[in-house]
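> Dropping a structure here in C-alpha cells format, bear with me for questions.
Taken together, the values in this text are just the output of simple stated rules run on the coordinates, not laboratory data. Just so it is clear, the structure is predicted and the values come from calculations on it, not from any experiment.
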Amino acid sequence: MRSYKNIMVESLTNSKKYIFSSPFIIYTMELHEPYYEKHILVCVIDKSATGKNSCGPKDAEEIWKKLKSYVKENNLKAKIRVSKTYCLDLCSHGPIVTIYPENTVYKQVKLSDVEEIIKKHLIN
C-alpha cells in the first residue's frame, strides 16, 4: 500500500493555495550560506577529440591535483574547496583557474604558476 501525503502549494502567479496528494517528496530550493571561505574552480575539459582548444590537454588535471593537494596537506579543507569544472567558455585561453569570492580568473595557467596562486590566494 502506497502512502500519500497532502501537500499545499502556493501559486506564484495568482496567490491561491492548492492541496494535492503525492507519493513523492518535494524539495524546495532555499538560500544557504557558502560552506567555504574560498572556492577554486579549475577547468579540466578535454575537447581535443573535436579538434578544439581546451584546458584538459594543457596540464589542467595536474594543476587541480596540486591545488587540491596543498589544501589537504595544510588542513584547509574546511575553508577552501578546489573543484573541477568542465567549461568556463575560455577554451582558447586555458587552462583557466577561477577563485571566489575574489572573482579572480587566471588564464593560460601553467603547473609552475600554481605556487604563485597559492601565495596570493591561499596563504593568509
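> Below 19 Å, Cα to Cα, which aspartates and glutamates can LYS65 reach? Residues fewer than 8 away in the same chain don't count.
Excluding near neighbours in sequence, the set is ASP46, GLU73, ASP113, GLU115, GLU116.
> Which of rounded, prolate or oblate describes region 30-124 when judged by the alpha-carbon gyration tensor and an a/c cut-off of 1.5?
prolate
> Right, another one. Name the residues whose placed amide hydrogens come within less than 5 Å of the amide hydrogen of ILE45, ignoring near sequence neighbours (fewer than 5 apart) on the same chain.
Answer set, sorted by chain and number: CYS55, GLY56.
> Further question: Once you have the Cα-Cα distance between LYS110 and LYS47, take 0.36 nm times their residue separation minus that, and quote the gain in nm to one decimal. Show your work: numbers first, answer last.
Working: separation 63, 0.36 × 63 = 22.68 nm, distance 1.83 nm.
That pair, LYS110 and LYS47, stretches by 20.8 nm at full extension.
> Still on this structure, please answer the following. Return the long-range amide H neighbours of VAL82 (sequence gap of 5 or more, or a different chain), with a cut-off of under 5 Å between placed amide H atoms.
Amide H neighbours of VAL82, under 5 Å, 5+ apart: ILE40.
> Next up: Over 31 Å between Cα atoms: which of LYS52/LYS77; LYS38/LYS58; LYS52/LYS72 fall into that group? Numbers along the way, then the final one.
On the way: LYS52/LYS77 34 Å; LYS38/LYS58 24 Å; LYS52/LYS72 33 Å.
Table pairs above 31 Å Cα-Cα are LYS52/LYS77; LYS52/LYS72.
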